[in-house]
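Everything below concerns the one structure shown next.
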Amino acid sequence: MSTRPRGPLPGALPMALLGALLGALLLLAGCTAPDAPPPADPADPAEAAQLADFRRLAYGAARPASSRDHLAKWEQPLRVALVDVASEGDREAARLHLQDLAALTGLAVGEAAPQTANLLVFFAADPFEAARRHRGLYAHRIADARSFDSQLAGMAPDSTCFGFLWGGWPNGRGIDFGIVFLRTDRGERTVKGCLVQQTTQVLGLMHDLDPEADSIFSDSGRDVDLTEGDRLMVRLLYDARLKPGMGWAETEPLARAALRDLKRGRS
């Protein structure tokens with residue numbers, strides 16, 4: 001998950017060249033060599049860039065270690081609690097965005113009480129104080145309190161939003177719990193941008209794109225709504241062919257096929 005403000009697109013993945021050896025006439029045997037294999041689809045730079053963005057968002061910028069090379073996504077309904085919402089305008093903006101995410105993912109998304117929610121969204125002028133004050137709502141998910149406290153302490157004091165995810169995606173199970181903290185003392189635009197970014201990243205696209213990217217996943221602050229490219233990334237993650245726990249080598253051909261179907265309007 002990101003902390004705003006801060007910055008993290010890899011280039012297109014290199015394509016292997018197919019070597020096609022044209023057989024010569026075998027005079028002594030009196031036969032010809034088999035036909036060469038059909039050429040591969042021509043490289044599409046736009047598709048390659050979109051797949052690179054998806055890999056960056058779902059797996060991170062660096063080549064993942066084998067223990068972290070796992071796709072994460074929800075496979076159960078989201079029960080969302082909006083805690084200490086600053087205004088009715090913020091509440092309505094959150095509800096509209098959650099409805100949008102439900103349509104993009106196919107997940108059931110509804111509001112719940114904090115005690116029964118599996119996604120807690122906290123609004124606070126001081127998100128770190130809110131993390132301490134509301135710890136009782138999520139403490140049951142913290143396996144290592146010292147490590148969790150260290151992560152909080154290591155964040156920039158002026159971070160505008162941050163979040164944490166729990167679940168069993170390395171073992172093929174989905175995300176099952178998340179918390180998001182949004183700072184409310186930086187103006188309405190910052191609150192909305194953080195709300196949209198963090199509640200979208202908590203779906204499993206938990207990493208950032210570069211600051212110059214035209215995307216809510218950039219920490220530039222230019223975008224406060226999902227762009228068309230962002231919406232494509234969410235729909236791609238929630239294509240039924242992509243499963244929690246998949247490594248990138250397994251995900252890539254499925255994501256490529258799903259991306260083509262989405263762009264052709266078949267998914």
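A quick yes/no check of all residues on (1) surrounded by fewer than 19 Cβ atoms within 10 Å (Cβ to Cβ); (2) out of contact with any Gly (no Cβ under 7 Å at 6 or more places or on another chain):
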site: Arg56; (1), (2): no, yes
site: Glu75; (1), (2): yes, no
site: Gly89; (1), (2): yes, yes
site: Glu92; (1), (2): yes, yes
site: Leu96; (1), (2): yes, yes
site: Leu101; (1), (2): no, yes
site: Glu111; (1), (2): yes, yes
site: Arg133; (1), (2): yes, yes
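Pull out all pairs, ordered by first then second residue, where Cβ-Cβ is under 9 Å, the residues are six or more apart or on different chains, the first lies in the range 119-144 and is farther than 20 Å from Ala156 by Cβ, and the second is assigned to a loop (DSSP other than H, G, I, E, B) and charged (D, E, K, R).
Pairs that qualify, where the first residue is farther than 20 Å from Ala156 by Cβ and the partner is assigned to a loop (DSSP other than H, G, I, E, B) and charged (D, E, K, R), are His134/Asp84.
Mind checking whether some residue in the range 164-176 is out of contact with any Ser or Thr (no Cβ under 7 Å at 6 or more places or on another chain), modelled with pLDDT of 95 or more and crowded, with 22+ Cβ neighbours inside 10 Å?
The answer is yes, given that some residue of the range 164-176 is out of contact with any Ser or Thr (no Cβ under 7 Å at 6 or more places or on another chain), modelled with pLDDT of 95 or more and crowded, with 22+ Cβ neighbours inside 10 Å.
Being surrounded by 18 or more Cβ atoms within 10 Å (Cβ to Cβ) and farther than 16 Å from Thr160 by Cα is the filter; apply it to the range 208-228 and report the residue that is nearest to the chain's Cα centre (by Cα).
Residue satisfying both the conditions and the ranking: Leu209.
Has the range 236-247 got at least one residue that is part of a loop (DSSP other than H, G, I, E, B), more than 26 Å from Arg79 (Cα to Cα) and touching a His at 6+ places or on another chain (Cβ under 7 Å)?
Within the range 236-247 (the criterion being part of a loop (DSSP other than H, G, I, E, B), more than 26 Å from Arg79 (Cα to Cα) and touching a His at 6+ places or on another chain (Cβ under 7 Å)), the answer is yes, since at least one residue qualifies.
Would you check which residues across the range 198-225 are closer than 17 Å to Ile175 by Cβ and in contact with a strand residue (DSSP E or B) (Cβ under 9 Å, 6 or more places away or on another chain) and list them?
Within the range 198-225, Gln198, Thr199, Gln201, Val202, Leu203, Gly204, Met206 meet the criteria.
Can you pull out the residues in the range 199-219 that are within 21 Å of Glu92 (Cα to Cα), out of contact with any Asp or Glu (no Cβ under 7 Å at 6 or more places or on another chain) and outside any helix (DSSP H, G or I)?
Matches in the range 199-219: Val202, Leu203.
So is Ala131 of a type outside the set (Lys, Arg) and at pLDDT 95 or above or not?
In short, yes.
Could you grab the pairs with beta carbons closer than 7 Å, sequence gap of 6+ or different chains, first residue in the range 178-198 and part of a loop (DSSP other than H, G, I, E, B), second one polar (S, T, N, Q)?
Listed pairs, sorted by first residue: Arg186/Thr160.
The values are calculated or read from the model by the stated rules, or taken from the named source; none is laboratory data. What you see is a predicted model, and the numbers here were worked out from it, not measured in a lab. As a convention, Cβ positions derive from the backbone with ideal geometry for all residues, glycine included, and neighbour counts pool all protein chains shown.
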